[in-house]
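Q: Dropping a structure here in structure tokens format, bear with me for questions.
The values are calculated or read from the model by the stated rules, or taken from the named source; none is laboratory data. These numbers were taken from a predicted model, which means no experiment stands behind them. Virtual Cβ from ideal backbone geometry, glycine too; neighbours counted across all protein chains shown. Surface areas here come from the heavy atoms of the whole protein model, side chains and all, with no ligands, DNA or RNA. Shrake-Rupley method; radii C 1.70, N 1.55, O 1.52, S 1.80 Å.
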Amino acid sequence: VIKKKDLTCAECGAVQEVAEEAQSSTCLSCGRHMELGHREITGEHLGNLSLEGELKIGPRGNFGGSRARAARIVLQGRASGFLEAAEWLRVEGQTRLRTGASGGKLEIRPGAALETGEPIQFVSGEIEGELRCPVARFSGPVRVGQIGRAHV
């Protein structure tokens, strides 16, 4: 018996069943390719990414594509393209985004910093480190910790 799980396409919202062990799938409604696993960028990565799992951009990593989408993103390095984190974007290093970011929750850990020249938009935020950007939009609660700073 093959164990299956429900998967929702980030592009069109269609739900389909896939095997739990599957590493990739194609949406039966819109044809979008979906990577189901996790990926870590330790060097330079060119090209767009779309993951249903977790994307980690390591301390020396640089995402050089125009757009990366993942359920969860851990950012320790740099990104030239727009980052879209459906569940959360966790900043753990001194990071820089050339373009903006959006998603569920923005977490900036103590001692970490996020700098971007473009607007960001999240549902909620927890700022324990430093946020530097021209515009930050949150549709829900934002908590700035005792040592957190936001330069918006």
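Q: In the set G13, G43, which member is open to solvent by 10 Å² or more (accessible area, probe 1.4 Å) and modelled with pLDDT of 85 or more?
A: It is G43.
Q: Within segment 16-40, count every residue that is at pLDDT 80 or above, of a type in the set (A, V, I, L, M) and assigned to a loop (DSSP other than H, G, I, E, B).
A: Residues meeting the conditions: 2.
Q: Something else now. Quickly run through segment 97-123 and pick out the residues that are among the polar types (S, T, N, Q) and in contact with a Ser or Thr (Cβ under 8 Å, 6 or more places away or on another chain).
A: T99, T116, Q121
Q: Answer with yes or no whether G103 is crowded, with 16+ Cβ neighbours inside 10 Å, touching a residue at least 24 places away in the same chain (Cβ under 8 Å) and either of a type outside the set (A, V, I, L, M) or touching a His at 6+ places or on another chain (Cβ under 9 Å) (or both).
A: Answer is yes for this residue.
Q: I'd like to check something: does segment 139-150 contain any residue that is among the small types (G, A, S), at pLDDT 95 or above and open to solvent by less than 70 Å² (accessible area, probe 1.4 Å)?
A: Checking segment 139-150: at least one residue is among the small types (G, A, S), at pLDDT 95 or above and open to solvent by less than 70 Å² (accessible area, probe 1.4 Å).
Q: Here are the criteria: (1) within 25 Å of R149 (Cβ to Cβ); (2) touching a residue at least 40 places away in the same chain (Cβ under 8 Å). Tell me which single one Q76 does not satisfy.
A: Condition (2) is where Q76 drops out.
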